[in-house]
Amino acid sequence: MAYDLNLADRIRRALEKKNISYIEKEMFGGIAFMVKEKMCIGIMKNDMLARIDPAVFDDAKKKKGVGPMKFGGRTMKGFLCVTPAAIDTASALGYWIDLCLEFNPEAKSSKKKK
């Protein structure tokens, strides 16, 4: 599994500082941070995957270094891919983490595999 370990540590520290309970899961060839059993934040290679509110999606997508998440040739609905340059500071990373956490209570859980 090849993903940015430093970014994973930064996300862990940010979530822990906010006292957010999370579980890490291997996903998308990277890692996902599950909050309340829902994917909230992820890392694929060097990029952060942000699951955010559809109401702010189009505006957030316009930010420099941000675009739709693509996986397996498909665009993943509700997820943005945030490049390292767009999260190079603690405040920039915090902005995206806050957007993800704000949407998490409204996000739908994926169906559990039996």
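Numbers for the structure displayed
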| quantity | calculated |
| --- | --- |
| Number of positions in region 37-61 that are surrounded by fewer than 21 Cβ atoms within 10 Å (Cβ to Cβ) and more than 17 Å from R12 (Cβ to Cβ) | 12 |
| Residues within region 81-96 that are under 12 Å from D47 (Cβ atoms) and modelled with pLDDT of 95 or more, tallied | 7 |
| Strands (runs of 3 or more DSSP E) enclosed by region 1-62 - at least 1 residues per element that are within 14 Å of the chain's Cα centre (by Cα) and acidic (D, E) | 23-27, 47-51 |
| Options K70, K64: the member that is surrounded by fewer than 21 Cβ atoms within 10 Å (Cβ to Cβ), under 19 Å from E26 (Cα atoms), without any contact (Cβ under 8 Å) to a residue 60 or more places away in the chain and not aromatic (F, W, Y) | K70 |
| Region 41-72: number of residues that are of a type in the set (G, A, S) and within 19 Å of K108 (Cα to Cα) | 3 |
| Filter result (touching a residue at least 40 places away in the same chain (Cβ under 8 Å) and acidic (D, E)) within region 1-46 | D4, E37 |
| Region 91-114, subset part of a helix (DSSP H, G or I) and without any contact (Cβ under 8 Å) to a residue 12 or more places away in the chain, residue surrounded by the fewest Cβ atoms within 10 Å (Cβ to Cβ) | S91 |
| Yes/no for G65 being at pLDDT 90 or above and on the phi > 0 side of the Ramachandran plot | yes |
| Conditions (1) in contact (Cβ under 8 Å) with a residue 12 or more places away in the chain; (2) farther than 22 Å from A85 by Cβ; number of the one not met by A55 | (1) |
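The values are calculated or read from the model by the stated rules, or taken from the named source; none is laboratory data. Source: prediction; values computed, not measured. Counting neighbours? That spans all protein chains shown, and the Cβs are built from the backbone with ideal geometry, glycine included.
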